[in-house]
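Here is the structure we will look at.
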Amino acid sequence: MNIKIVLKIVGTVLFWESILMMPSLIISAVDGSYEVKAFIIAILLCGIFGLLFKNIKTNENEMRKREGYASVALCWLVMSLAGALPFYISGSIPSYIDALFETASGFTTTGSSILTDIEGMPRGLLFWRSFTHWIGGMGVLVFTMALAPLLGARSVFLMRAESPGPTFGKLVPKLSNSSKILYIIYASMTAAMVVLLVMAGMPVFDSFIHAFGTAGTGGFSNKALSIGAYNSILINWIIIFGMLSFGVNFALYYLLLTRGNFKNVFKIFKNEEFRLYSSYVLISIFLVFLNVLHVFDYDIIKALTHSAFAVSTVVSTTGYVTADFNLWPMFSKAILVTLMLFGACAGSTGGGMKSIRILVLFKTLIHEIKHTIHPNSVQTIRIDGKPVDDDTIKSILIFFFAYVIIIIFAVLIVSLDNFDFQTSLTAVIATISNIGPGLGDVGPVGNFADFSNISKIVFTMCMIVGRLEILPVLVLFSSSIWKKH
């Protein structure tokens, strides 16, 4: 592997991270808060090391798939390690492992937290904590390439490693333009969220915090009761539509914007992944609504709002809360755990296994049943009328197997802390699927503070593995990738 190229990319990302800390530093300075010095030290460290590595001379043509995967995995790890510095240096989070957990949870848009006194945190740190959601939502490398092209055409290896979903497709021929288009759509939708929340009565600072969390499908709030603190049905529904919208493949928005006509609206509804995503969201809302109606004393509006919010926050892997679904009937909790695994669409900011993989696995199962009955028949698995090649099916099966194996091993390690099985299992699922809250002690009103440092490290790795969809992180543990030739 060409280490110089990897270090150059890591350095570029570190440099931009130092720039991205500036708004938080300004907020801290305006407030005259104690974490100003911490941000200055973190910015200087990131900037100096970033510039040193960024200016390494390399041969761009030596960029290959292995360098792309290693660069992406290391960038996310280094971003989290560096991003934790303001929390740790300021003393707001005295344990560096806790600070790393919180920061990795931010960048990976997980939203799990170890904080027990969120409202006691200064605004600068709260802004940085939620801003990491927005940075990580579309992808750290995608953001960097939108600002400054890295390695020309060779950057496709970075995009493939970081993009959520089994396949990667450019929106336009030039990769840097694809990144810019994605971020223009992403930023515009985020700005719309801020405006709508302000109009609904949410304070401006809070609106930015929750717009970042909704856009990145992250879920960090500056309120201990999350969205429930505002006790507003209008705010709840704005967040619901926001979460579901950011869980849709952004390529569909691009299709609608560039060829905006009614025919393309119908094309979006013909998209099989979008139809599956919409179907299980609507069915789940209906079933949960019927199951929890008695919990809310048969108040239809309240029951529907909380049901829609819970389903939306879980399926989009956002993690905001309006009600403690930990207290709901087991049927509703079973639906929510299933949605934790399914997740949102590929090409969105959501986590989970992604709808497209569930769709392909289901069609593969049907295909095998038909082939068993009619062994001489020739059939092809198709998505949106296009055949799915064997390599894609193979990669999805490998992903699913690796996903399950990692969950099993992570649960075994976490179980050493002697929490109940519901807590241990859903804590792992919540972190690897980048959701945030689970059930039991890590439910909507709980957190991860009481877990041991070993478990927190396991959760941190689960968050990064889940956000990068396993392979880029696993290749780092292969000895052959580090060989020069």
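Just so you know, all these numbers are worked out from the coordinates, no wet-lab data involved. Worth saying up front: this structure is predicted, and the values here are computed from it rather than measured. A quick note on method: Cβ atoms are made from the backbone with ideal geometry, for glycine too, and the neighbour counts reach across all protein chains shown.
One table, with the values for the structure above:
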{"item": "Footprinting exposure proxy for Thr349, Thr364, Thr460, Thr103 (fewest neighbouring C-beta atoms within 10 Å first)", "result": "Thr364, Thr460, Thr103, Thr349"}
{"item": "Long-range HN-HN contacts of Ile383 with modeled amide H, under 5 Å", "result": "Val388"}
{"item": "Debye intensity ratio in log₁₀ form over the Cα atoms of the range 1-100, taken at each q of 0.14, 0.19, 0.22 Å⁻¹", "result": "-0.57, -0.87, -1.04"}
{"item": "Count of lysine pairs in the range 1-129 with Cα separation under 14 Å (8 or more residues apart, or interchain)", "result": "4"}
{"item": "Rg/Rh ratio calculated on Cα atoms of the chain (Kirkwood radius)", "result": "0.96"}
{"item": "Computed magnitude of the charge dipole of the chain (debye, nearest 20; Cβ of K, R +1, Cβ of D, E -1)", "result": "1940 debye"}
{"item": "Unit charges at the beta carbon, dipole of the chain: most positive-side option, Ala449, Ile89, Thr423", "result": "Ile89"}
{"item": "Sequence of Met79, Met189, Met22 once ranked by neighbouring C-beta atoms within 10 Å, starting from the fewest", "result": "Met22, Met189, Met79"}
{"item": "Spatial separation of Cα centroids for the range 378-419 and the range 19-89, in angstrom", "result": "32 Å"}
{"item": "Which of Val195, Val288 has the fewest Cβ neighbours within 10 Å, and the rest in rising order", "result": "Val195, Val288"}
{"item": "Cα-based Rg of the range 228-384 normalised by 2.2 N^0.38 Å, two decimals", "result": "1.20"}
{"item": "When the convex hull of its Cα atoms is projected in every direction, mean area for the range 354-485 (nm²)", "result": "11.8 nm²"}
{"item": "Cα gyration tensor shape of the range 190-239, rounded if a/c is under 1.5, else prolate or oblate by comparing a/b with b/c", "result": "rounded"}
{"item": "Residue-averaged 222 nm ellipticity for the chain, from DSSP H runs of 4+ at -39500 (n - 2.57), nearest 500", "result": "-20500 deg cm²/dmol"}
{"item": "Charge tally in the Cβ shell below 14 Å around Gly443, where Lys, Arg are +1 and Asp, Glu are -1, Gly443 excluded", "result": "-3"}
{"item": "Ordering of 41-51, 220-230, 338-348 by packing [mean C-beta count within 10 Å, highest first]", "result": "338-348, 220-230, 41-51"}
{"item": "Pairs of Cα atoms farther than 15 Å apart, the range 341-426, %", "result": "68 percent"}
{"item": "Distant alpha-carbon pairs in the range 307-352 (separation over 17 angstrom), percent", "result": "27 percent"}
{"item": "Relative contact order (%) - criterion: Cα under 8 Å, at least six apart; region: the chain", "result": "18 percent"}
{"item": "Inter-site label distance for Ala334 and Tyr34 at 7 Å from Cα along Cβ, in nm", "result": "4.9 nm"}
